[in-house]
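Encoded as structure tokens, the structure appears first; notes follow it.
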Amino acid sequence: MSTPFEELEYLADFLPDEGESVLVSRSQGELVCENFQKDRSLDEMASPEFYGHLVHANERLNSLVARPVWIATLVWFWVCVLMHESLELGWGGWYLDLGLGLVAIAASYAAIRLRQDRYFKQEVRPTLNRQMYGSNLSKYALVGVIRQRPELRTLLNTLSRSLH
């Protein structure tokens, strides 16, 4: 039987490339060599700079909501006023206001999604692609990182829509 030093010397010839690790243990008197891959936590995958990019993108996507909501609300209000004045409707025409309100909400929602998707494709996706490449993340690992951060919900929704 060889000495432990000779066994380690023999194993050294079979060590993996630089940066890779092996786990050496003794089982039933013999040395056993197994690949060892340290699991990276999701926080390690997303560096502080990367997380900053994610937060910035999420906040910018959130800011794209206000204008369509205000425009839809103002248009809905003035259309209702003009309709009631021109058609001389009383309070009995409230259901028309409600119907127009639903149309305004749907139009607002469509405009918000359109603006967010356009901004995501033009500004956010190229930045995320560079950051993902630098962090060695797949797009699905990125979804996993973002999913664990409730404050990034808008970014997650927009990213999920773009994966289709």
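Each value in this text was obtained by applying a stated rule to the coordinates, not by laboratory testing. Nothing here was measured: the structure is a model prediction, and the numbers come from that model. Virtual Cβ from ideal backbone geometry, glycine too; neighbours counted across all protein chains shown.
In sequence order, what are the phi-derived ³J(HN,Hα) couplings for segment 63-69 according to the Karplus relation 6.51 cos²θ - 1.76 cosθ + 1.60 with θ = phi - 60°, rounded to whole Hz, with x for glycine and proline?
5, 7, 7, 4, 4, x, 5
Which of the peptides 84-96, 122-134 is most tightly packed, and how do the rest follow, going by the mean number of other Cβ atoms within 10 Å of each residue?
Working: 84-96: 10.2, 122-134: 14.5.
Packing order, densest peptide first, comes out as 122-134, 84-96.
Please compute the length gained on full extension between residue 153 and residue 122, using 0.36 nm multiplied by the number of residues separating them and subtracting their Cα-Cα distance. Please list the in-between numbers first.
Working: separation 31, 0.36 × 31 = 11.16 nm, distance 1.94 nm.
The span from residue 153 to residue 122 would gain 9.2 nm if fully extended.
Using a cut-off of under 20 Å, list every residue of segment 135-164 whose amide N is near the label point 7 Å from the Cα of residue 113 along the Cα-to-beta-carbon line.
What the label zone holds, given the 20 Å backbone N cut-off, is 153-164.
For segment 110-123, just list the computed ³J(HN,Hα) in residue order, Karplus coefficients 6.51, -1.76 and 1.60, θ = phi - 60°, integers in Hz, with x standing in for Gly and Pro.
5, 5, 4, 4, 4, 5, 5, 5, 5, 4, 4, 5, 7, 10
Where q = 0.11, 0.12, 0.13, 0.15 Å⁻¹, what log10 of I(q)/I(0) comes from the Debye formula for segment 38-164, counting one point per Cα?
So the normalised log intensities work out to -0.52, -0.57, -0.63, -0.73.
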